[in-house]
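Q: Please read through the structure below; I'll follow up with questions.
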Amino acid sequence: MDSGDTHGDGTVPDLEVPNLARMYDYYLGGSHNFAVDRAAADRALEAAPHARTFALANRAFLSRVVRRLVADGIDQFLDLGSGVPTVGNVHEIAQAVDPRVRVAYVDIEPVAVMVATDLLADNPDATVTHADIRDPRTVLAAPGVAGLLDFDKPVAVLAIALLHALSDADDPAGVLAAYRDACCPGSYLAVSHLAATSFSPDEQDVVREVLDTTPTPVTMRTREQLADMLTGYTILEPGVVLLPDWRPDDPGGSAATGAAANGYGALARLPEARPDR
Ligand SMILES: C[S@@+](CC[C@H](N)C(=O)[O-])C[C@H]1O[C@@H](n2cnc3c(N)ncnc32)[C@H](O)[C@@H]1O
């Protein structure tokens, strides 16, 4: 497995400022977070109690979408912005169904990469790469990605709770398009995105303010803005929906909590024959 460089310039964790990956780990009940992360996460939670609801609903969405992909025969995953490993990691969910599944994790946060490196030490079918996903060429050429995944066969690209960490200036649609163009027909893209579906304007301000103190400020977007990023793909049923409403394990059980999750999710697939390739 490839761990990338966790000691070079810019790859040492900054424990003086809060970090999105570690705040999310805290919301999920993980242990790879620091006082500075917990203080920031608690500040957001105090003003916007549903900040944690997003994390929980998102992680549950991730689990459902991975199970669905493996059931559809996908055995390769490129998990962009994979986060600090916590309960229900992609390789654990996928390999429990099909032990041959390969998973390449990519994250910019050094603690996430270090924890994943340890966790994956004995797993020849999963790698972690320390990289900025805004540089698709570097990501796709990294040994942990190019050496593990075969892009001539369908791959599922995961961009789960990641795209809101990209500003409009980062051109998230353009970044996704670069990964899309590396994939063959029949490949998939799963996305989820923070959205202000129940946050009041005041709550949004606090969430933004807190996350502005991290290295990755967030941009909340609408359902339409997320759908617009999926150019070239066919969005599968049920479409771009509130996270708990995406193929719930318990249909009907999500209606009350849908908007409280403050996030949308979708699964999309590249058509078999693409005229633009
Ligand atoms: C909220 S976490 C989501 C983790 C996981 N995908 C999930 O949904 O459970 C977002 C992750 O994206 C990572 N991230 C943000 N911007 C990134 C970038 N430009 N390149 C790579 N990773 C990035 C953060 O470090 C963090 O681990």
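Q: For the range 38-57, what are the residues that are more than 15 Å from Ser198 (Cα to Cα) and within 12 Å of the ligand (Cβ to nearest atom)?
A: Within the range 38-57, the subset more than 15 Å from Ser198 (Cα to Cα) is 38-43, 46, 56.
Across the range 38-57, the qualifying residues are Ala41, Leu56.
Q: Follow-up question, since we're still on this one. For the range 48-94, which positions are in contact with a helix residue (DSSP H, G or I) (Cβ under 9 Å, 6 or more places away or on another chain), of a type in the set (Asp, Glu) and open to solvent by 20 Å² or more (accessible area, probe 1.4 Å)?
A: Selection gives Asp75 alone.
Q: Inspect all residues belonging to the range 107-114 and state whether any of them is open to solvent by 30 Å² or more (accessible area, probe 1.4 Å), over 18 Å from Ser63 (Cβ atoms), within 11 Å of the ligand (Cβ to nearest atom) and touching a Gly at 6+ places or on another chain (Cβ under 9 Å). Spell out how you get there, then give the answer.
A: Initial filter on the range 107-114 (open to solvent by 30 Å² or more (accessible area, probe 1.4 Å)): 108, 114.
Add one more test, that the residue is over 18 Å from Ser63 (Cβ atoms), and what stays is 108, 114.
Then drop every residue that is not within 11 Å of the ligand (Cβ to nearest atom), which leaves 108.
Restricting the remaining residues to those that are touching a Gly at 6+ places or on another chain (Cβ under 9 Å) gives 108.
Yes - at least one qualifying residue is present in the range 107-114.
Q: Could you give every pair whose Cβ atoms fall below 8 Å, whose first residue belongs to the range 14-39 and is within 17 Å of Pro217 (Cβ to Cβ) and open to solvent by less than 40 Å² (accessible area, probe 1.4 Å), and whose second residue is assigned to a helix (DSSP H, G or I) and acidic (Asp, Glu), counting only separations of at least 6 or pairs across chains?
A: Every condition considered, the pairs that remain are Pro18/Asp37; Asn19/Asp37; Arg22/Asp37; Met23/Asp37; Asp37/Asp25.
Q: Can you tell me which residue in the range 52-107 is farthest from the chain's Cα centre (by Cα), limited to those that are part of a strand (DSSP E or B) and among the β-branched types (Val, Ile, Thr)? Steps first, please.
A: Residues of the range 52-107 that are part of a strand (DSSP E or B), as a first pass: 76-80, 102-107.
Next cut, among the β-branched types (Val, Ile, Thr) only: 103, 106.
Details: Val103: 13, Val106: 10 Å.
Once the filter is applied, the top-ranked residue is Val103.
Q: Filter the range 95-128 for residues that are in contact with a helix residue (DSSP H, G or I) (Cβ under 9 Å, 6 or more places away or on another chain) and among the charged types (D, E, K, R) and give the result.
A: Asp98, Arg102, Asp107, Glu109, Asp125
Q: Also, I was wondering about something else. Taking Asp202 as the residue in question, decide whether it is open to solvent by 20 Å² or more (accessible area, probe 1.4 Å), among the acidic types (Asp, Glu), more than 14 Å from Leu80 (Cα to Cα) and within 14 Å of the ligand (Cβ to nearest atom). Lay out the reasoning, then the answer.
A: Working: open to solvent by 20 Å² or more (accessible area, probe 1.4 Å): yes; among the acidic types (Asp, Glu): yes; more than 14 Å from Leu80 (Cα to Cα): yes; within 14 Å of the ligand (Cβ to nearest atom): no.
For Asp202, the condition - open to solvent by 20 Å² or more (accessible area, probe 1.4 Å), among the acidic types (Asp, Glu), more than 14 Å from Leu80 (Cα to Cα) and within 14 Å of the ligand (Cβ to nearest atom) - is not met.
Q: Of all residues in the range 109-124, which are in a loop (DSSP other than H, G, I, E, B) and without any contact (Cβ under 8 Å) to a residue 60 or more places away in the chain? Steps first, please.
A: Our first condition is that a residue be in a loop (DSSP other than H, G, I, E, B); within the range 109-124, this holds for 109, 120-124.
Of everything in the range 109-124, just one residue is in a loop (DSSP other than H, G, I, E, B) and without any contact (Cβ under 8 Å) to a residue 60 or more places away in the chain, namely Asp122.
The values are calculated or read from the model by the stated rules, or taken from the named source; none is laboratory data. Computed from a predicted structure; not experimentally measured. A quick note on method: Cβ atoms are made from the backbone with ideal geometry, for glycine too, and the neighbour counts reach across all protein chains shown. When the accessible area is computed, the model is the full protein with side chains, heavy atoms only, and any ligands, DNA or RNA have been set aside. Shrake-Rupley method; radii C 1.70, N 1.55, O 1.52, S 1.80 Å.
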